[in-house]
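In what follows, a structure is listed as structure tokens, so that the remarks can point back to it.
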Amino acid sequence: MDRQTTASTCCYCGVGCGVLIEHDGERILGVSGDPAHPANFGKLCSKGSTLHLTGDLAARALHPELRLGKHLARSRCDWDTALEHAASVFADTVAEHGPDSVAFYISGQLLTEDYYAFNKLARALVGTNNIDSNSRLCMSSAVVGYKRSLGADAPPCSYEDLELSDCVMIVGSNMAYAHPVLFRRLENAKSRRPQMKVIVIDPRRTDTCDLADLHLAILPGTDVALFHGILHLLVWEDWIDRDFIQAHTDGLAELKSLVRDYTPAMVSQLCGISVEQLQQCAEWVGTSPSFLSLWCMGLNQSTAGSAKNSALINLHLATGQIGRRGAGPFSLTGQPNAMGGRETGSLSNLLPGHRDAANAEHRAQVAEYWGVERLPDVPGLSAVELFEQVRSGKIKALWIACTNPAQSMPDQNAVRAALEACPFVVLQEAFRTTETAAFADLLLPAASWGEKEGSVTNSERRISHVRKAISAPGDARPDWAITVDFAQRLEKRLRPGQPSLFAFEQPAQLFDEYKQLTRGRDLDLSGISHALIDRIGPQQWPFPADARQGTPRLYEDGIFPTDSGRAQFVADPYRAAKEQRDARFPLTLLTGRLRDQWHGMSRTGTAAQLFGHVGEAVLSLHPDELRRHRLRPGDLVNLKSRRGAVIVAVESDDSVRPGQAFLPMHWGDRFLKGGVNSLTLPAFDPLSKQPELKHSGVRLEPVELPWQLFALIEGDVQRHFEALRPLCEAFSYASFSLIGRERPALLIRAASSGAPDPLLLREIDQCLALIEGPVLAYDDPRRAIGKRVRIEHGRITAIRLAGETLAQHWLQGLWLDGRTDEQLRRWLLAPMSAPPGSAAAHGAPDKTLCNCKNVSHSAVCAGIEQGLDLPGLKDKLGCGTQCGSCVPEIKRLLASRSQPVAVT
Ligand SMILES: Nc1nc2c(c(=O)[nH]1)N[C@H]1C(S)=C(S)[C@@H](COP(=O)(O)OP(=O)(O)OC[C@H]3O[C@@H](n4cnc5c(=O)[nH]c(N)nc54)[C@H](O)[C@@H]3O)O[C@H]1N2
Ligand SMILES: Nc1nc2c(c(=O)[nH]1)N[C@H]1C(S)=C(S)[C@@H](COP(=O)(O)OP(=O)(O)OC[C@H]3O[C@@H](n4cnc5c(=O)[nH]c(N)nc54)[C@H](O)[C@@H]3O)O[C@H]1N2
Ligand code: SF4
Ligand SMILES: [Mo]
């Protein structure tokens, strides 16, 4: 077929960029930014622009697979068998143990139509509120914040407000990595109007700080104290908007008496910043003509997440900085359709159309619309509670869709025990490689990006039509279709003889039924349809039936969707994070995102190119912390929390303050044995029930793992990974990565206290194709040292070092260069393990700074040494000229080479 283009959206973050998918009807060949899409006007970041390189078919779930006993392997079956079986297990479980003995755990990455089908299935058909989503780990504190302070879960701003604002406060958000295309917009705005003030509040000095006039590296979890301290100064200096407060708000008196105690001295001490920094921040907030705040997980993922959200919104209410151009509290949504999830009621406490499950009137409205007698009034479980009840046996059948809880939930030991214990786990997944897939009794293959149709809402309330470019591979089906098919089979059992609740044949029918539930509500989007978006482009809700265009900004009239029409000041005192540093656990572990990876890496982890920037799991520690622990970069440590331990290599990173440590959230058990969330804690916010994924108490313990393994094999990386990962379970430390661009390879580093069983090593060699053929080998069983290299057509294609791995970086370099030499042959056949003389200095390999143009870190540094500035580097090396995701880091390198940065 000819090359065609289909306009759709990016499946990663909540910026919701429009993409043009180039394809031939069968395969996706390329992707570019959609110039007509108002979220990105043609721009894409390093993740969006590499979408077509991800999603290796070898990793996809292609057929339904079922097992009929916990210790059996799953075997392939057809859809009929799969869904009939699931329907009979769910029906029997509900009949025997009641509707609350089953649960659905879904995802902010589903489409609105998928959500709607799941909600109707759980609440109307099964009769349970046990339907929660991974948005509980992500946006639920923002939901509570907006509802408590403003009356409805509605981010009031638009992306253009980033360009219009005079003072932008970015708090608990690393936009440069997590919302890059929006960050580009902010960068451009600031370069056009340098007088615009940018404040970044983050314990770490992230790439986002590159744009900051002021960086407040507050101590983890102290945001509420900071916001109250700012408000204290706003009141003291009379930088508040009395008219606005008087006309449009309630509750300032109580809040004032609370913040009276948050004196600059006390706040500076609690937050670990100077009084001058606090004053500067308050002055800019209080005196700028317009003030916008942007926030993300640094606020939400906290046992004080709801308080942090409301304390920030308090600042906007006190200064009247809401409902105006360039102003307002603007939460950045994480997942591409977390907003759609909130709209359709995809948290256990919600109902479609911004309704509450606890509200009898709301339940009656939805029940009537759906034509069922009533909706369940028993409160549903939130994610952490839900897995607890799976573990305790109360929930006996669990349906998981489009999320990977065995990687992303906190306290993994408990979550894995729950999945292990659950009698029936269904997993609706696009990739069969995830950590959770190992626990599934029934695996249902889902269509993924580029293969499905529906709609999504981005951070600025804008609804886009997601269009299908190609058919899903194998037997995979779109999520809505799987859910509706299952629901039809279940209703035959639970409501025999009654008219179907699920007579849907197209996603547009689901949307059209759903949107009527928003009629007359704050988010009224009853005027939108797939066809309308096709005609006039993506639109921002509210968009009632008689509207001609969407609504860029809310609350311009100062009327809020509360009973009184007034916004509410919320007076929550500061409460510290649950796990404070103490003698036993003296470090706070922060977790967060990398630039080029997405969550559990089921998709991004299939593209070697996306490992170029950060290749492997390492724990970042301040140089003083390394010294204190007598560690050198690259050393392995046993990182321990109260719940689990992970062995990981350390690196020196002065962007992390002493007393803290940072580990990216992406490394699950598949890529780093144990996975980051074995360490994190399940404690959650009392209102939003969002767990505190950002702060866990940890300590470093030395490890003695003298026997080490280094392996590399190019070719079919997914197959190699699948074969080798289980074998490495035997080692205490095991880390996996992909490297190379043209010839991707799997790379393994592992270590243990002693040499493994020789049979295991042989099995590993077998998987590495290092037993027969053009293999050079040297083995010294006495010293448990061995080295093997496969050389084909004059190039290394596989490597295995065992016992000692001193030559690993040198060999990796030779592999990368695609060459071999006499030196290599001599070294291989000699008993020494260290690399030969001249190669001994070979350090860790270079990293790719610019992914689009494949420019390395060392090339950029060399350019800077030669005196090149940013335009010069762009011109000479090409770096930073395409997606721009690497520009903040290049600027940081430039700044560190010239002189200490003037960040106050
Ligand atoms: N590249 C990439 N982009 C993504 C994603 C991805 O996986 N990869 N995921 C998407 C999703 S679902 C989400 S939710 C967003 C998350 O986007 P962000 O929230 O921006 O990303 P994180 O790195 O998780 O956390 C942001 C920052 O919070 C800081 N922080 C930690 N504790 C505190 C604190 O107590 N106070 C303050 N003020 N800051 C603190 C951390 O140091 C970190 O730099 O990213 C979205 N975009
Ligand atoms: N320590 C720590 N843990 C965290 C966080 C943190 O900051 N620190 N952040 C939390 C946050 S904010 C989030 S949002 C979560 C994310 O956590 P998860 O939801 O577990 O993240 P993903 O890996 O994106 O999971 C989505 C899954 O859906 C699959 N998939 C992709 N497309 C489709 C599709 O179209 N249909 C179906 N059915 N499946 C599909 C993917 O293969 C993937 O396995 O992680 C949370 N966990
Ligand atoms: S900013 Fe990047 S990841 Fe987010 S939607 Fe746009 S292209 Fe996708
Ligand atoms: Mo998220």
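Nothing in this text is a laboratory measurement; each read-out follows from the coordinates by a stated rule. Note that the structure is predicted; figures quoted are calculated from it, not measured. As a convention, Cβ positions derive from the backbone with ideal geometry for all residues, glycine included, and neighbour counts pool all protein chains shown.
The table for this structure:
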read-out	value
Computed lengthening from D716 to R783, 0.36 nm per intervening residue step minus Cα-Cα distance	20.9 nm
Förster radius 60 Å - calculated FRET efficiency between A421 and A265 (Cβ-Cβ, nearest 0.05)	0.70
Exceeding the 18 Å Cα-Cα cut-off - candidates K673/K847; K190/K876; K47/K874; K694/K847; K197/K308; K308/K694	K673/K847; K190/K876; K47/K874; K694/K847; K197/K308
Partners for K396 among lysines (Cα-Cα distance below 16 Å; same-chain residues under 8 apart left out)	K70
Space enclosed by the convex hull of the alpha-carbon atoms of the stretch 587-702, per residue, Å³	107
Label point distance in nm, D869-E729, each placed 7 Å from Cα along Cα→Cβ	5.8
FRET efficiency, R632 to D24 (Cβ-Cβ, R0 60 Å, nearest 0.05)	0.70
Residue order, fewest to most beta carbons within 10 Å, for E714, E26	E26, E714
The stretch 280-321: C-alpha gyration tensor shape, a/c 1.5 cut-off, then a/b vs b/c	prolate
Residue-span extension gain [R535 to I771] - 0.36 nm each, minus C-alpha spacing	78.8 nm
Amide H contacts of N638 (H built 1.01 Å from N, under 5 Å, at least 5 apart or other chain)	E701, V703
FRET efficiency estimate (nearest 0.05) - Cβ-Cβ, D80 to R192, R0 60 angstrom	0.50
Over the chain - Rg/Rh using Cα atoms and the Kirkwood inverse-distance radius	0.96
Contact order relative to length of the chain, as percent, for alpha carbon pairs under 8 angstrom and 6 or more apart	15
Top positive-direction residue, dipole computed over the chain with Cβ charges, set T604, V676, I785	I785
K394 versus E763: modelled label distance in nm, points set 7 Å from Cα along the beta carbon direction	4.0
Rg and Dmax [Cα atoms of the stretch 758-806; Å; Rg one decimal, Dmax integer]	10.6, 33
Contour excess over end-to-end distance, with Cα ends at R519 and Q279 and 0.36 nm allotted per residue	81.9 nm
Reduced Cα scattering model of the stretch 648-738, Debye log10 I(q)/I(0), q = 0.11, 0.16, 0.25 Å⁻¹	-0.45, -0.86, -1.38
Formal net charge of residues neighbouring L626 (Cβ-Cβ distance under 10 Å; K, R +1; D, E -1)	-1
Local electrostatic count at K47 - Lys and Arg +1, Asp and Glu -1, tallied over other residues with Cβ under 10 Å	+1
Amide H contacts under 5 Å for V19, placed H, 5+ residues apart	S8, T9, C10, D34
The chain - mean residue ellipticity at 222 nm from DSSP helices (-39,500 (n - 2.57) per run, n ≥ 4, rounded to 500)	-9000 deg cm²/dmol
Bins of 10 Å, starting at 0 and running to the largest distance - Cα pair percent for the stretch 1-132	10, 25, 28, 23, 13, 1
Fewest-first sequence of C861, C852 by Cβ atoms within 10 Å of each Cβ	C861, C852
Shape of the stretch 160-242, Cα gyration tensor, a/c cut at 1.5	oblate
Within-11-Å neighbourhood charge of A503 [Cβ basis; K, R +1; D, E -1]	-3
D475-T287 pseudo-label distance in nm [points 7 Å out on the Cα-to-Cβ vector]	6.9
Mean-position separation - Cα centroids, the stretch 81-118 and the stretch 404-457, in angstrom	13
Sequence ranges 755-767, 55-67, ranked by mean other-Cβ count within 10 angstrom, highest first	55-67, 755-767
Reference-scaled alpha-carbon Rg (2.2 N^0.38 Å with N residues) for the stretch 848-898	0.95
Residues of the stretch 510-550 with amide N under 15 Å of a point placed 7 Å along Cα→Cβ from E556	540-544, 547-550
Total charge dipole magnitude, the chain, about the Cα centre, Cβ charges on Lys, Arg, Asp, Glu only, Debye to nearest 20	1220
